[in-house]
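Note sheet for the following structure.
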Number of protein chains: 2
Amino acid sequence: MKYGRTYNFSAGPATMPEPVLEEIRDEMMNYRGSGMCVMEMSHRSKVFQQIADEAEADLRELMNIPDNYKVLFIQGGATLQFSMIPMNLKTPNGKAVYIETGAWSKKAIAEAKRVYGDNLIVAASSKDKNYTYIPDCSDLDIPDETDYVYICENETIHGLTWNKLPNTKGHVLVSDQSSMFLSRPCNVSDYGIIYGGVQKNIGPAGMAIVIIREDLIKDLDPNTPIYMRYDTHANAGSMYNTPNCWCIYVCGKVFKYLKNLGGLGEMEKINIDKAKVFYDFLDSSKLFKGTVVAKDRSLMNIPFVTGDKDLDAEVVAYTKAAGFENLKGHKSVGGLRASIYNAMPKEGVEALVECLKKFEAEHK
Amino acid sequence: MKYGRTYNFSAGPATMPEPVLEEIRDEMMNYRGSGMCVMEMSHRSKVFQQIADEAEADLRELMNIPDNYKVLFIQGGATLQFSMIPMNLKTPNGKAVYIETGAWSKKAIAEAKRVYGDNLIVAASSKDKNYTYIPDCSDLDIPDETDYVYICENETIHGLTWNKLPNTKGHVLVSDQSSMFLSRPCNVSDYGIIYGGVQKNIGPAGMAIVIIREDLIKDLDPNTPIYMRYDTHANAGSMYNTPNCWCIYVCGKVFKYLKNLGGLGEMEKINIDKAKVFYDFLDSSKLFKGTVVAKDRSLMNIPFVTGDKDLDAEVVAYTKAAGFENLKGHKSVGGLRASIYNAMPKEGVEALVECLKKFEAEHK
């Protein structure tokens, strides 16, 4: 590969489009005649405001975000959102309904518990089968006083994706899209909040994007920390304090890259095509097996196993020696995982499959 | 200047050392044979762990940080710290003592009030003279049950610096060093917590560094959001969730740059020398005046005025046309301000002074 780069299957931070990195490199010493690097720009300057405005406008165009939704850039990743969501959406007697489908929804549940206590309901879970499927959520028992229904739309560690949203019975849907952000079109109006850390499918770590319906931005208990209130960020155009300017700049470039590619519809086609290469291989392999039921398989994160721990470790070493990085599964589940986000080219997946086939042939 | 760069007097994000930017540019497509850009690296990878470890080690060396202090990299800037400090240090009947010396200590007070209520004491203030001096804090009335005494050691907007720390009567001292971080040596043992956003005197926006004495990291009310607890970050080596990896990488380079320069003692000499150029000019000018009493003047942020709003605006336009950026004072105080952080070369200050002298000559 160009520049001696490797195929990087990291689950996040993860591979980024090469042309985006090249542009950033070329703008490092002097951004478009501004006389400075973007890292050196006052966030209150016209030149940076334009970068931020363009990033937001391009994201709005890509996702077709309606006008009654705010786009917020907030530091602290999805983890801070785990707390901010319940703190901002809770009504005095309200309940929060969570669906448990893997490690990330589980973490979100733990944080929301601190806010909702016994008023947090886990309405469905796939824990019984080690989070290998999305439970049927077409007719859940959802109380009237529910503030919101929460899902993690793509579980990075367990490799599950929601292909049909839960029936919330008219209640607000909140979705963590961290590891599938911009991987396919989505109808924003179906959600109250879509959010995600950007470090998986968009840019560098250090920021979450929160797309929130305006009526959900409310006055809160005055003792709430200022940074934890959505109204703080919404009223200041995400610049109440200095935002992660660099991250906004880089994400903005990725948005333009996706627009030039043809948008999210085109991206989805590429992602389906690309994931098929890997899943077809898994389905035909005698050695490697996917861990997720076919209908709920993620297009982004593909966990797989040989069924033998030591052999899994051998695969990691073998692929690394062949120039493929980060094939090890998350430590909580073990096994192997290939994260093939937007920026992973099909050639990368094909090359990895060839390598795994070779390994299989050598280990009959 | 090289690359057509301008002298950038922004208060933050702010100018960075050119050699650091060049290194970053050169490592963009493939960091030292890793096959990837630092933005693409898993924060759990060996190659990134080494970057983070080196950054911490270099900072410890630069500041001579004792072993019983933790160094934490936390997103959310100083603003999130305004909340985290009281949330983490409060004891059941404890009081918090704040010294009010300008806009940033005032913001910190507002956030701590949400936690301490009437148990927050403003023990001294320079509000009576528009925050143009540091009050005498050699013998304050500090209650026994005080959890900590809080100062903003350099007020970015008002241009004040503490040159002698307050007498805390044995209580914990907490200091916001955002706009003076690494500008001079400091005796870490004098403090319980030193913290600051890095986007003024170190690197890009999106992170605070918190240097905290270990015994101040305590068990908290279990309802505290996980991200807001110092123990979360301390126990995970600042990697409970994905940190701002890029920022750690860039800050690490600045730490090395400062080490190569000779450390903070050398940096202080340069800063004193550099600020003298500007203050000497102000003291001799008939048109321009500094706003801060001589003994408390900041080496980093120099607010000044002509005494005439329209003329101030003319100065901003005049200097901008001459290639000097961001001379406008903060909107809350008006006037002019030159921020001359570590990375601003003396030549930049000299050139600005020449430009202001020319303006003065033309406006007699």
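The values are calculated or read from the model by the stated rules, or taken from the named source; none is laboratory data. Just so you know, these numbers come straight off a predicted model, no measurement behind them. Every residue, glycine as well, gets a Cβ built from its backbone with ideal geometry; the counts of neighbours run over all protein chains shown. Side chains included, ligands, DNA and RNA excluded: accessible areas come from the protein's heavy atoms. Shrake-Rupley method; radii C 1.70, N 1.55, O 1.52, S 1.80 Å.
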Residue hits (the range B:222-235; surrounded by fewer than 17 Cβ atoms within 10 Å (Cβ to Cβ) and either basic (Lys, Arg) or within 11 Å of another protein chain (Cβ to nearest Cβ) (or both)) are B:PRO222, B:ASN223
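Could you look through the range A:277-297, keep only residues that are assigned to a strand (DSSP E or B) and of a type in the set (Lys, Arg), and pick out the one that is most open to solvent (accessible area, probe 1.4 Å)? Give the steps one after another, and end with the answer.
Filtering the range A:277-297 for residues assigned to a strand (DSSP E or B) gives A:289-290, A:297.
Next, from what is left, pick out any that are of a type in the set (Lys, Arg): A:289, A:297.
Working: A:LYS289: 111, A:ARG297: 47 Å².
This residue is A:LYS289.
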Unique residue being away from chain A (no Cβ under 14 Å) and touching a helix residue (DSSP H, G or I) at 6+ places or on another chain (Cβ under 6 Å) when the list is B:LEU59, B:LEU80 = B:LEU59
Would the range B:150-162 turn up any residue that is hydrophobic (A, V, I, L, M, F, W, C), free of Cβ contacts under 8 Å to residues at least 40 places away in the same chain, within 14 Å of chain A (Cβ to nearest Cβ) and touching a helix residue (DSSP H, G or I) at 6+ places or on another chain (Cβ under 7 Å)?
-> no
Meets criteria (aliphatic (A, V, I, L, M), surrounded by 21 or more Cβ atoms within 10 Å (Cβ to Cβ) and over 20 Å from the mean Cα position of the chain (by Cα)) for B:MET300 = no
Are any residues in the range A:308-364 on the phi < 0 side of the Ramachandran plot, within 22 Å of the chain's Cα centre (by Cα) and in a loop (DSSP other than H, G, I, E, B), and if so, which ones?
-> A:LEU327, A:GLY329, A:HIS330, A:LYS331, A:SER332, A:VAL333, A:ILE340, A:TYR341, A:ASN342, A:ALA343, A:MET344, A:PRO345
From the list A:ASN8, A:ASN68, pick out the single residue that is modelled with pLDDT of 95 or more and under 30 Å from A:VAL353 (Cα atoms).
-> A:ASN8
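Can you find even one residue in the range B:20-38 that is closer than 19 Å to B:GLY323 by Cβ, more than 7 Å from chain A (Cβ to nearest Cβ) and not polar (S, T, N, Q)?
Residues of the range B:20-38 closer than 19 Å to B:GLY323 by Cβ: B:21.
Remaining after also requiring more than 7 Å from chain A (Cβ to nearest Cβ): none.
No: zero hits.
Only one of A:ASP215, A:ASP219 is more than 11 Å from every other protein chain (Cβ to nearest Cβ), open to solvent by 30 Å² or more (accessible area, probe 1.4 Å), charged (D, E, K, R) and assigned to a helix (DSSP H, G or I); which?
Numbers: A:ASP219 fails: assigned to a helix (DSSP H, G or I).
The match here is A:ASP215.
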Filter result (under 11 Å from B:LYS289 (Cβ atoms) and crowded, with 18+ Cβ neighbours inside 10 Å) within the range B:303-318 | B:PRO303, B:PHE304, B:VAL305, B:THR306
Residues that are touching a strand residue (DSSP E or B) at 6+ places or on another chain (Cβ under 7 Å) and of a type in the set (D, E, K, R), drawn from the range A:142-178 = A:GLU145, A:ASP147, A:GLU153, A:ASP176
